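Shown next, in structure tokens, is the structure this report addresses.
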Amino acid sequence: MTDLHRLSIRELSEGLAGAKFSSRELTEHYLKRIAKLDTQVKSYVTVTAEQALAQADAADVAIKAGTATALTGVPIAHKDIFCTQGIKTTAGSKMLDNFISPYDATVVAKGKAAGLVTLGKVNMDEFAMGSTSENSFYGATANPWNLGHVPGGSSGGSAAAVAADLAPFATGTDTGGSIRQPASFCGLTGLKPSYGRVSRFGMIAYASSLDQGGPMARSAEDCAYLMNVMAGHDAKDSTSIEKDVDDYVANLNGTAIQGLRIGIPKQYFNVAGLDADVKARVEESLKKLEEMGATLVEIDLNMTEAYVPTYYLIAPAEASSNLSRYDGVRYGYRAENPVDLMDLYKRSRSEGFGAEVQRRILIGTYALSAGYYDAYYVKAQKVRRLIQQDFLKAFESVDVIAAPAAPTTAYKIGANLSPVEMYLGDIYTIAVNLAGLPAINAPVGFDKDNLPVGLQLIGNYWSESQLLSVVHQYQLATDWHTKRAAIAEENA
């Protein structure tokens, strides 16, 4: 079959269970596509063909034996921030270019237990710091919709791999929008779960109170299948929440659009820099939801102007602390021929980290330093609580909150936006991480250059099932999520 890459996760699951094709055939199909097309997209850092075929063969045995799960034999790509035993795990950095993980992240281990077949590790902004996937030691990944544009970041490799049909779905991580923004740029569905819903064990840390793993796929239904594997309490992760996990697939029709109250923050649609095409497509999608029975309610989110400065104090401060472990001594990159210990530290870090990572470490170290800790970091944490309270007050009158996922569509590769311009591009996503809320991106159309536009829906705590259900029903009534870039139509 030459069109296996066009099948949904449910169709792949049913096809494997019904012996219409084997996991080996499916895996070989994707490996051929990667070999043919990824020289243009550059989404993969490491392709694990030998391991993938061995896992596929084991999956076929399990399917024949009747011991398979719903996802046994389905291929997946992992963001290269998740540790994978025996496979290079780089976080997109020269610092970890030689690091072979001795263990699996919990997300990876759960995937293996479910019978998923790992195709490889995909590119990302270094240590998840960036919005374009250009800040990678391995070079920029291209957007399948236009190879001259970025796929977003930091989970740009995950988004590009799925958008080019080089993987059926992928794992991503979201610290300030790094699932939702690349999903928006690449025309995908991407879910950032509530903080603590998905284990962070084995997920290389950027900002520990903000990082959260989640699924990236074509549709809400596809994401629901992967959430059923990823979600759940993990005793190895002290930030993991011990709370029952929903059956996200079974609940896809569990939320009625009729009577759903969708909050429209008036501040969000008057942001300077909001592209006219993005605004129009998002408003059209909200009108469609209104036609389906939802009620649009204007709300105030008065802390909007505080989002960017608050995030870009807290996230770099936590990064400064987390990345202090990369010192050239224990593991990772080590400078050659140091003259003394201080020289080893300084050169290992300056040579091993890229410019954006160094910038954020410096910002964070400054914010945590004596004399500035109370003035900057402590104050930012107090404002963070006000941002959370702003959302909770809004949820007293609405069920979900709607916003663009990003103020623009995908940037051109090499656009050389200033750091401040890049940070302002996170205006719609970072508050969700500051508050620890769940949010989802859904594709809702295209701009004048045929680049995808995304709608973001933000939910109250633990409302992942509701968000997936709302988007699933929207996708049953529309076909934006089925659109494919030209490169994705090419058969291996």
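The values are calculated or read from the model by the stated rules, or taken from the named source; none is laboratory data. Quantities reported herein were computed from a predicted structural model and do not represent experimental measurements. When we count neighbours, we look across all protein chains shown, and the Cβ atoms used for this are built from the backbone with ideal geometry, even at glycine. Just so you know, the surface numbers come from the protein's heavy atoms only, side chains and all, with ligands and any DNA or RNA stripped out. Shrake-Rupley method; radii C 1.70, N 1.55, O 1.52, S 1.80 Å.
Can you find a residue in the stretch 251-266 that is among the charged types (D, E, K, R), over 28 Å from Glu396 (Cβ atoms) and at pLDDT 95 or above? No; the residues of the stretch 251-266 include none that is among the charged types (D, E, K, R), over 28 Å from Glu396 (Cβ atoms) and at pLDDT 95 or above. Yes or no: the stretch 215-226 includes at least one residue that is modelled with pLDDT of 95 or more, open to solvent by less than 20 Å² (accessible area, probe 1.4 Å), in contact with a helix residue (DSSP H, G or I) (Cβ under 8 Å, 6 or more places away or on another chain) and closer than 17 Å to Asp80 by Cβ. The answer is yes, given that some residue of the stretch 215-226 is modelled with pLDDT of 95 or more, open to solvent by less than 20 Å² (accessible area, probe 1.4 Å), in contact with a helix residue (DSSP H, G or I) (Cβ under 8 Å, 6 or more places away or on another chain) and closer than 17 Å to Asp80 by Cβ.
Within the option set Gly139, Gly130, being small (Gly, Ala, Ser), out of contact with any Ser or Thr (no Cβ under 8 Å at 6 or more places or on another chain) and within 30 Å of Tyr311 (Cα to Cα) holds for one residue only, Gly139.
The residues of the stretch 251-276 that are in a loop (DSSP other than H, G, I, E, B), among the hydrophobic types (A, V, I, L, M, F, W, C) and under 20 Å from Tyr461 (Cα atoms), listed by number, are Leu252, Ala256, Ile257, Leu260.
Filtered by the rule that a residue be at positive phi and either at pLDDT 95 or above or open to solvent by 10 Å² or more (accessible area, probe 1.4 Å) (or both), the stretch 319-336 gives a lone residue, Gly332.
Please specify each residue of the stretch 461-492 satisfying the condition of being among the polar types (S, T, N, Q) and open to solvent by 20 Å² or more (accessible area, probe 1.4 Å).
Across the stretch 461-492, the qualifying residues are Gln466, Gln473, Thr478, Thr482, Asn491.
Inside the stretch 404-415, can you point out the residues that are open to solvent by less than 60 Å² (accessible area, probe 1.4 Å) and closer than 23 Å to Gly354 by Cβ? The answer is Ala406, Ala410, Tyr411, Gly414, Ala415. Just one of the numbered conditions (1) in contact (Cβ under 8 Å) with a residue 24 or more places away in the chain; (2) surrounded by fewer than 22 Cβ atoms within 10 Å (Cβ to Cβ) is not true of Ser418: (1).
Summed over the stretch 10-44, residues that are acidic (Asp, Glu) and either open to solvent by 80 Å² or more (accessible area, probe 1.4 Å) or touching a Cys at 6+ places or on another chain (Cβ under 7 Å) (or both) total 2.
Here is the figure for the stretch 383-428: residues that are among the hydroxyl-bearing types (Ser, Thr, Tyr), more than 23 Å from Glu290 (Cα to Cα) and in a loop (DSSP other than H, G, I, E, B) total 4. Test Glu351 against the stated conditions and say whether it is open to solvent by 10 Å² or more (accessible area, probe 1.4 Å), out of contact with any Lys or Arg (no Cβ under 7 Å at 6 or more places or on another chain), assigned to a helix (DSSP H, G or I) and closer than 27 Å to Ser178 by Cβ. In short, yes.
Determine the pairs where a residue that is under 20 Å from Ser208 (Cα atoms) and assigned to a helix (DSSP H, G or I), located within the stretch 222-250, has a partner that is modelled with pLDDT of 95 or more and open to solvent by less than 20 Å² (accessible area, probe 1.4 Å) with Cβ atoms under 7 Å apart, the partner being 6 or more residues away or on another chain. Once the first residue is under 20 Å from Ser208 (Cα atoms) and assigned to a helix (DSSP H, G or I) and sits in the stretch 222-250, its partners that are modelled with pLDDT of 95 or more and open to solvent by less than 20 Å² (accessible area, probe 1.4 Å) give Met230/Val107; Met230/Val198; Met230/Gly213; Met230/Pro215. Between Ile458, Ile440, the distinction of being part of a strand (DSSP E or B), surrounded by 24 or more Cβ atoms within 10 Å (Cβ to Cβ) and in contact with a Gly (Cβ under 8 Å, 6 or more places away or on another chain) belongs to Ile440 only. Would you be able to say whether some residue in the stretch 162-182 is in contact (Cβ under 8 Å) with a residue 40 or more places away in the chain, surrounded by fewer than 24 Cβ atoms within 10 Å (Cβ to Cβ) and in contact with a Lys or Arg (Cβ under 7 Å, 6 or more places away or on another chain)? No, the conditions are met nowhere in the stretch 162-182. Checking Lys412, Lys379 one by one, the residue that is of a type in the set (D, E, K, R) and within 30 Å of Met95 (Cβ to Cβ) is Lys412 and no other.
Ile401 satisfies every condition listed in (1) open to solvent by less than 40 Å² (accessible area, probe 1.4 Å); (2) closer than 24 Å to Gly273 by Cα; (3) touching a Ser or Thr at 6+ places or on another chain (Cβ under 8 Å) except (3).
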